[in-house]
Each structure stands twice: as structure tokens, then as C-alpha cells.
Amino acid sequence: MSDEQKKSSKKKIIIGVVAAVVAVAVLVLILVLCLPKGAPDDPNNPSTPTHTHKMTAVERQEATCTEKGHEAYWKCDDCGKMFSDSEGKSELNSVPEIAAKGHTVPFMTETKQANCTDNGEKSGKCEVCQQTVTEVIPALGHQTGEWQFDAFFHWKECSRCGQSVDMDDHEFSNGKCGVCNFDQNAEVAAELTFELLEDGTWSVSGATNIGIATYVEIPATHEGAKVTVVGEKAFYASGIERVIFRNESVFLDWACFSHCHSLTEVRFDEGVREIARKKHDISEEHWWWDYPDYPFYNSDKIQMVYLGSTVNSLETKLFGGFDVGYNFDGPPNSHEEIHPTFSFERYEVSPDNAKYGTDEHGILYNKQTKVLIFVPYKLTGEVTILTDTEEIREGAFGCISGLTAINLPSGLQKIGAHAFDATGITELVIPDSVTSLGTYNGYMDICCHCANLRKFHVGASVARQQVGSEHGILGIGRYFPRTVTSVTVSASNECYKSQNNCILSKDGEVLYLSNSTGEIPVGVKFLSEYALAFNESLTKITIPQSVVNIGYGAFDGCANLQSVELPSGLAYIDSYAFARTGLTRITFPQSLKQISCWAFQECKDLVSAVFEDPSNWKVYNNGMDSSTAQDVVLSNPSQNAAYLTDTYYDKIWKKVST
């Protein structure tokens, strides 16, 4: 190593030593400056002077009913420490508390009674602080006994509040519930309840065990007086399977056995003479859309109705085989409003009954008067009516959709209203012997809602009908299915004839029913009530020049009819003649003398109505009271349309002589 190198190495060593000495000195200085100086009164730190407490006495504070107090103690003003003595020898960790005393209430009054599920309350006044004190009384809880049950559920009843608790479905094994022991195979008689009526007889108002009763037996007497009535909704929607009547006069109130979906058998046993519905005045409380007054409405599992030997009076509508709520604004083919009300397989009648009997189909007849009364709802296929039958009662076959064909006897004289409504028949041939066809609201209605009907024949003896009478074919189009393609009239009929599947008066001047194309034969002068109504395939029509009168509802409900050409000699347009059509424009000839009220009701598309002679027209209130007459200016076609469909739609329009 050279001398220069030695000098350089020595120099580096000296510099390193100096740097190390400086670093140690800095570290010592930091430690000196940062180390604590010692706490007051710390004997281990003699450099720090001893702390002298500056004591303040804190007086004792008594506790109240609701707030804590504390004992007397001393506190240093400088360091904040607390001591039990003034010399500061016995230090305290916290304020020495005295517990709140609590209220002293010698007597409390119950202000809210506790029940099974809700807490109660009681209150009183503290004799120390005079504050009102309220305390909770705990809920009592339910007090239950044995299991209760019906055919579907079991539960327990609280003897204190009457509430049903622990309700659940049965857990059946071999027909017996493992929880409550209910046996679903056991027969249980209804334990009846009674109500004394003003006439001194009894009404059965229900049963105390209605939930588990499987059959009802109506006795002849109760406490020495006759039982005559089964009350309103007495067994409504119950699980009963059989009902047996033994009382002489049976009057069944509103829906007394309605919606009994387990009911399979109804027996009017020996001793029963009269069976009828209890009469009511129609009111909102008993309006038909709530539930019809048929006692067995919608009890749809009934298989058999038995009439004993003594039954001699049976109301026709007792069981209400059907109930059709007609949609007055709709076509007669709609099935939306049909409500089958009673479904059973057969009638059975005691062979000793002198008045009633049945045939092989279980159809009920009155043997004495040769009347077919009622037909089991589940009847299907083709049926031939007994040959000596002279009358078919109202609604006899109604809503029997499985009926596809019916053979009427040659001696039949009368067919009641709704007799074949909503059945599945494809043709209806009225025998030549029939003189009377049933009506509804004054119009023929024996086959409404028969969607499968294709052929209809009118026999020789059906006579001309007057308004309000009970025979004839007046207004046949109101409730006649538009599915019919073949319409004929016996050539021997003195009042009516058929032509191209239309029905006309014998002289051809009145059209009672048009065909599916909306044909109006030449020579027709009068379009009868509903003659072309509800023909949805009709879009336009030219009415022959021979027509002078368009009758009530003639084109009502022809929703797609947009164009009509009226004849130049037309004199009268009756009420509802074009109601609910799709007409957009119409021109009235000079010959027109009168338009009756509501003739264009709900013609929402009508925008133009031209009067070829717009002068001297007046509108009257219904009844043609001259004091209500108003002049009407008919020069504006669009305004005229508004008059007909809105402003004066419910008025009678009449052209007056000058």
C-alpha cells in the first residue's frame, strides 16, 4: 500500500469515528428531552415536587321515588379525584350512590281489563310524590277444553273469550282424525233449532251441530205445534248428505239448502202433502243475483228426489232446474248468463202416489193432468216424451246441455216458457196439436241459448198472438237462436207461413222472423218485433218499397249493420228499431210520420241523419203529452244525428200537420 493510500484510509477512519460520536450525542440529547419528569407525589421521582390536593366537600343528596341520590364525599379541585375523607387518604372510584326509593302506592285501581290476548292496566297515586303510577296487568291467555270439529277442521274454543284457537285440517287415517278423533264415516243427525212463527207454527232455523251433521230430518211437529217452514239459509253451504221431510206442509225459504255440495238425496216421505217455496216480496235483500229463491240452488251432487204417496201439491219451480239471467242488450245465443241451479239424476215416486209419476228416464209427470213437470238435469242423448202428455211446464228441460234430441207427442198442446232453453238439441219440431208457446216479457221464448239448434218447425195450430198473450210467435226473434238455418211452418197453419227460411203472416204482409241473410221478402209491409234482430252478419240492407212500418227492435243488436236504405213510403219507426247497430249515416224519406223513443239508442257511430222533409217536426215525452211538445230544427245532418242518439233519443218524434 502506498503512502497516499494509507493517508486516505486513515482519514476515512477518523471521519467515521467522529460521525458515530455525533450520532450518540444527538440520541442522548433526545432521550433527555423526551423522558417524563415524574408524577406528583411519585416517590420514585424525587425531581418532581409532591401534589397537594385542594379538597371541596360534596354534601349528601337524598334519593327520590324515581331518581338516585348519593352519600357525602370529597373532591380535589385540581386532579378531580374523589375521596371519602378530607385528607385524601381513601380514594373513591365512583360517586357513592343511594338507590331510588320507588313509589309507595297503597292502592291501585284497574283501568283496563286484561283479556286472553291483550294486557290490561291498573293505576294509583304515590303517597310520597303524588305522581300517578300505571302498571301492566299481563294477558290471561286462552282457557281451552276438548277439541271441537266439523267435517273439515278441528279447533279448541276458549271458555273465556269464545275464540277458536289451534285450528287445523284433520289428519285422517282410515277415516278418523288422529288429533280430534272425528270419524268422517259416522252418520250424525242435525240437532235442529226452531223459531216460533206468528201463526203458531214452527220454522226450522238451523242446527247447533251444523258443522258435523250429515243428515237433516224435518219433523212433523215440535212441542205440540206443526213444523211448516225451513228458514232462510238454514242449512246454506253445509255438509249434509241427506234431507228427509216428514211435515205435512213444507214451505222452503230462500236458499235454505243452497250450495250443499255433499247433498245427494232429498226425500219427501209419507205424510208430506204440500211442497212449495215460502213466498216473499221482491226486495234488494232477496234479489236474484244474490241467490235465487230456489231452495236447492247450486246443490249440484243430488242424485235422487223422492216423493211419497201423500204428496199432492208440488210447486213447478221448487227445485229451479235452471235460472237464465237474460242479457237484455245482447244476442240470444250467448251462454254467459246461464246458471244451472239444480243437478240430479232422477225423480222417484211412490207407486201409491195418485198424482205424480215418472218414466224410464226419471222425468217427473203429473199423472192426472198429463203434464211433464221436470226433467233430471243429468239426462243425456235422445228423449221421447210420453204419448199422452199434453203440456210441458216452464223450464222443464232448461239447461240440460246433454239433451241432443227430443221427440214431442202428437197430442201435445202447450209448451211453457224456457222449456228447452240452453239444451243441446239440434232441431225442434212443434207438433200440429200445439196451440200455445211460452213467452218471456211478451215474446216467444222456448229455445233461447240453444247454440246447436239448426232446424225449427212451427205446427199447424199455433195461432196469431196478441200483445201480452201466452201463445203465438210474436217477437220470436228476440230469444231465437241465430244458429238456425232451416225454418218452416206447417202448410195447414192458418196464421203463418214460411218462405226462404223466413216466417211471415199468411198474407205475406208481416215479417216475423227473417233468415240468416236478413232477407225481407217482396210484399212485406210490416217488420214485426225483433224480426231481424241480433243478426251480426248483416252489414247493409235495402228495405223493400212495400214496407211502411219498422217494428219494435226490428234491427236491434245488428252490431255490424252500417248502411240501410229506407223505402220511400215508410211511415213509422218503432222503439229500438235500430238500437245498438253500427249505422253511420241514414236518410229519412218525406213519407216518414213518426220515430218512437229509443229507436237509435246506443248508435255510437251515427254521424249523419238527413230528413228529406225537415219541417214541422216536434218531439214529445213518452206518452205523447201535447204539453211536452218541442219544435226541433232538422237542417243540420250531424246535429240531427246527435238529436237521435243523445239529446232527444228518449223522445217520440212526430211530424205534425200544418
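The values are calculated or read from the model by the stated rules, or taken from the named source; none is laboratory data. This is a predicted model, so every value here is computed, not measured. Heads up, the Cβs are rebuilt from the backbone with ideal geometry, glycines too, and the neighbour counts pull from every protein chain shown. Heads up: the accessible areas ignore ligands, DNA and RNA and are worked out on the full protein's heavy atoms, side chains in. Shrake-Rupley method; radii C 1.70, N 1.55, O 1.52, S 1.80 Å.
Here segment 355-384 is scanned for amide nitrogen atoms under 18 Å from the site 7 Å beyond the Cα of Glu315 along Cα-to-Cβ, giving 373-375. Karplus-derived 3J(HN,Hα) values for segment 52-57, using 6.51 cos²θ - 1.76 cosθ + 1.60 with θ = phi - 60°, are 10, 5, 10, 7, 10, 7 Hz; glycine and proline are entered as x. When the trypsin sites (Lys or Arg not before Pro) in segment 559-625 are filtered for DSSP coil states and for at most 16 other beta-carbon atoms within 10 Å of their beta-carbon, the remaining sites are Lys593, Lys604.
Volume per residue for segment 348-459 equals 93 cubic angstrom (convex hull of Cα atoms). Cα-based values for segment 537-658, radius of gyration first and Dmax second, are 13.2, 43 Å. Full extension of the chain segment joining Ser249 with Glu59 gains 58.6 nm, where the gain is 0.36 nm per residue of separation less the Cα-Cα distance. Surface composition of the chain: carbon and sulfur atoms hold 48% of the protein heavy-atom accessible area at a 1.4 Å probe.
Going by alpha carbons, how many degrees (0 to 90, nearest 10) lie between the helix axis of 3-34 and the longest principal axis of the chain? Approximately 80 degrees, to the nearest ten. Taking packing as the residue-averaged number of other Cβ atoms within 10 angstrom, the listed peptides 399-409, 190-200, 251-261 run from highest to lowest as 251-261, 399-409, 190-200. When peptides 536-548, 74-86, 634-646, 164-176 are sorted by average Cβ neighbour count within 10 Å, with the highest value leading, the order is 634-646, 536-548, 74-86, 164-176. Name the residue farthest towards the positive end of the dipole of the chain from the options Thr423, Gly402, Ile15, assuming +1 on Cβ of Lys and Arg, -1 on Cβ of Asp and Glu, about the Cα centre. The residue sitting farthest along the positive end of the dipole is Ile15.
Tell me, what is the percent relative contact order of segment 112-265, built from C-alpha pairs under 8 Å that lie six or more residues apart?
This gives 13 percent for segment 112-265.
Report summary: the helix-based calculation at 222 nm, which adds -39500 (n - 2.57) for every DSSP H run with n ≥ 4 and divides by the residues of the chain, gives -2000 deg cm²/dmol. Measuring with a 1.4 Å probe in the full set of protein chains, what accessible area per residue, in whole Å², belongs to segment 118-215? That works out to 63 Å² for each residue.
The alpha-carbon atoms of the chain define a convex hull whose volume equals 558 cubic angstrom per residue. Proximity of backbone amide H atoms, modeled 1.01 Å from N, is registered between Gly206 and Thr193 at under 5 Å, excluding neighbours fewer than 5 places apart on the same chain. Using the Cβ-Cβ distance between Glu171 and Thr109 with R0 = 60 Å, the FRET efficiency computed as 1/(1 + (r/R0)^6) comes to roughly 0.80. Normalised per residue, the accessible area of segment 384-531 is 34 Å², obtained with a 1.4 Å probe and no contribution from ligands, DNA or RNA.
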